[in-house]
Amino acid sequence: MKKWHQVWAREGGTTSMNFFSPIYIIWQREVIRYFRDKARIVSTLLQPIFFLVIFGAGFQQTLAEGGNLGVDYIQFMYPGIIAMSIMSVAIFSTISTVWDREFGFLKEILVAPVSRTSIALGKTAGAMTLASMQGLILLLIAPIVGVSLNFISVIQLFGLMILLSFALAGFGLLISSLMKSTESFGIVMQVIIFPMFFVSGAFFPLTAVPEWMVAISKINPLTYGVDAFRQVMLNGQVPKEVLESLSVYPIYLDAIFLIVFLLIMIFLAVLAFNKRN
């Protein structure tokens, strides 16, 4: 098997090729690695089903006793389930950076005559692709759980999913670039991910939580992803006043925040990757 830097050297020759070819090769490697890991595929598919069944049944009964959302609870929660799945796949896919460092592969590709920025972007693009695919699968099974979607909604949601996936993949690469072991990465991510999820409005309206949680939610990228998903998925499915009561921000503000967060995370991730490695 030829060395990666030999392949890049052969395929290079121009500045643009030396920049974009490694992005594609690293992206391809990340995707192939994912599909070869059957246990990982099964676990990423079962996780949202677990949340949907366990939390859906429990919170639906609780909220039914405490008040009416104006919408079926599964419809309310499903956008959060999609966002949670995207976050898990996007962030944990970047653990490959830590693995590659531990097993020496990262050292090998870093001696190649290519930009380290290309390597970082390839890692991010791979995680973004896998997370977007996970979100798309959940969109396809939405009618099975009683969530109706039309073609326009699916297109809009897929665009938002790519945006959220890319932003969270950049965040994951930023963290993985700073970690020295897979164990430390896993611990740090668990500490970060669950608070992000539970303070995003995925399970309950943010209008029903304390002010300090609302303050935290305003800097949580998942809040904006969940809010945007929910507005698109419920648009036309519930009365306008109900949709407005469940929405946190106008959808254009959700999109703007995610774009800004994406750009900041990609910049910081590439910077951290270059310095750390």
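Observations, loosely collected:
- Test for Gly126: is it farther than 16 Å from Leu268 by Cα and modelled with pLDDT of 90 or more: yes
- Leu268 being under 18 Å from the mean Cα position of the chain (by Cα) and touching a residue at least 40 places away in the same chain (Cβ under 8 Å): yes
- Qualifying residue in region 84-99 (condition: over 30 Å from Ala272 (Cα atoms) and out of contact with any Asp or Glu (no Cβ under 7 Å at 6 or more places or on another chain)): no
- Scanning region 202-235 for residues that are among the small types (Gly, Ala, Ser) and over 18 Å from Tyr252 (Cα atoms) returns Ala202, Ala208, Ala215.
- Filtered residues of region 48-72 (kept if in contact with a Leu (Cβ under 9 Å, 6 or more places away or on another chain) and at pLDDT 80 or above): Pro48
- The helices (runs of 4 or more DSSP H) falling completely within region 81-173 that include 3 or more residues that are farther than 23 Å from Asn18 by Cβ and in contact (Cβ under 8 Å) with a residue 12 or more places away in the chain map to 96-102, 116-140.
- Filter pass, Ile259 being free of Cβ contacts under 8 Å to residues at least 24 places away in the same chain and under 20 Å from Ile91 (Cβ atoms): no
- A count restricted to region 185-236 and to residues that are of a type in the set (Phe, Trp, Tyr), within 14 Å of the chain's Cα centre (by Cα) and closer than 30 Å to Glu102 by Cα stands at 2.
- Filter result for the condition that a residue is of a type outside the set (S, T, N, Q) and within 24 Å of Val238 (Cβ to Cβ), over Gly126, Gly186, Gly170, Gly159: Gly159
- If you go through region 121-143 and keep only what is in contact with a Gly (Cβ under 9 Å, 6 or more places away or on another chain) and aliphatic (A, V, I, L, M), you end up with Ala127, Met128.
The values are calculated or read from the model by the stated rules, or taken from the named source; none is laboratory data. Note that the coordinates shown come from a computational prediction; the quantities given were computed from them, not determined experimentally. Every residue, glycine as well, gets a Cβ built from its backbone with ideal geometry; the counts of neighbours run over all protein chains shown.
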